[in-house]
1. May I ask you to verify whether Gly129 is at positive phi and touching a Pro at 6+ places or on another chain (Cβ under 8 Å)?
2. Pro79: under 23 Å from Val132 (Cα atoms) and modelled with pLDDT under 95, yes or no?
3. Hey, Glu104 hits all of (1) surrounded by 13 or more Cβ atoms within 10 Å (Cβ to Cβ); (2) of a type outside the set (Gly, Ala, Ser); (3) in contact with a Gly (Cβ under 7 Å, 6 or more places away or on another chain) but one; which does it fall short on?
4. Between residues in region 69-87 that are without any contact (Cβ under 8 Å) to a residue 60 or more places away in the chain and more than 16 Å from Ile36 (Cα to Cα) and residues that are aromatic (Phe, Trp, Tyr) and in a helix (DSSP H, G or I), which pairs lie under 6 Å by C-beta distance while being six or more apart or on different chains?
5. For region 102-122: of the residues being without any contact (Cβ under 8 Å) to a residue 60 or more places away in the chain and of a type in the set (D, E, K, R), which is nearest to Leu35 (Cα to Cα)?
6. Looking at Ser77, Ser63, can you tell me which residue is exposed (fewer than 12 other Cβ atoms within 10 Å of the Cβ), more than 15 Å from the chain's Cα centre (by Cα), in a helix (DSSP H, G or I) and small (Gly, Ala, Ser)?
7. If I go through region 84-95 residue by residue, how many of them are open to solvent by less than 70 Å² (accessible area, probe 1.4 Å), of a type outside the set (Ser, Thr, Tyr) and modelled with pLDDT of 90 or more?
8. Scan region 32-54 and tell me whether some residue there is touching a Gly at 6+ places or on another chain (Cβ under 8 Å), open to solvent by 70 Å² or more (accessible area, probe 1.4 Å) and over 30 Å from Phe143 (Cβ atoms).
Amino acid sequence: MKRSDLTEKILDIKRDKGWSWKFITGEIGGMSDVLIVGALLGQMKLTKPQCEKAAALFGLTESEKRLLNEVPLRGTSMPPTDPLIYRFYELVMINGPAWKALIEEEFGDGIMSAIDFDLQMERLPDPKGDRVKLTMSGKFLPFKYYGATGNNQALGYKEE
């Protein structure tokens, strides 16, 4: 079975049972809802205990359960064609240079980790239309200056 086939099977069961993602993530538990849904959609992996819970919940075979614990091939084609996902791409294209400049000014030369990372999603009621609030938190990883000697700093933290 390919990972995409398992994703379709999980989505079919979710649809047939009328389950919400909130229900499913509550049953599996142990990490962010975003990561659990991402794993069930084939972009992340579950821990072995989570695989046990997912397999019991969805009635998966032993092979399908193990597939949920394998490191997936992550990502999608660029640019994305789904309108909602494309808007995130557009946010980065337009605001990315400013985010980069502000992060580097505050932290120094480096990146925000997408691995040591957390994302929270909230619904904010608004009379003009509800708003989506995303809060991202990623560990700052300074650029490493290989071969730095003497008084030269080895990492790209902000210089005081």
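The values are calculated or read from the model by the stated rules, or taken from the named source; none is laboratory data. Quick caveat, the model's predicted, so the values are computed rather than measured. Glycine also receives a Cβ, built like all others from the backbone with ideal geometry; neighbour counts cover every protein chain displayed. Areas reflect the complete protein model, heavy atoms only, side chains present, ligands, DNA and RNA absent. Shrake-Rupley method; radii C 1.70, N 1.55, O 1.52, S 1.80 Å.
1. no
2. Working: under 23 Å from Val132 (Cα atoms): yes; modelled with pLDDT under 95: yes.
When the stated conditions are applied, Pro79 passes them.
3. Answer for Glu104: the failing condition is (3).
4. Note: pairs meeting the criteria are Pro79/Tyr89; Pro80/Tyr86; Pro80/Tyr89.
5. Ranking the candidates gives Asp116 first.
6. Going through Ser77, Ser63 in turn, the sole match is Ser63.
7. Total satisfying the criteria: 1.
8. Yes; the residues of region 32-54 include at least one that is touching a Gly at 6+ places or on another chain (Cβ under 8 Å), open to solvent by 70 Å² or more (accessible area, probe 1.4 Å) and over 30 Å from Phe143 (Cβ atoms).
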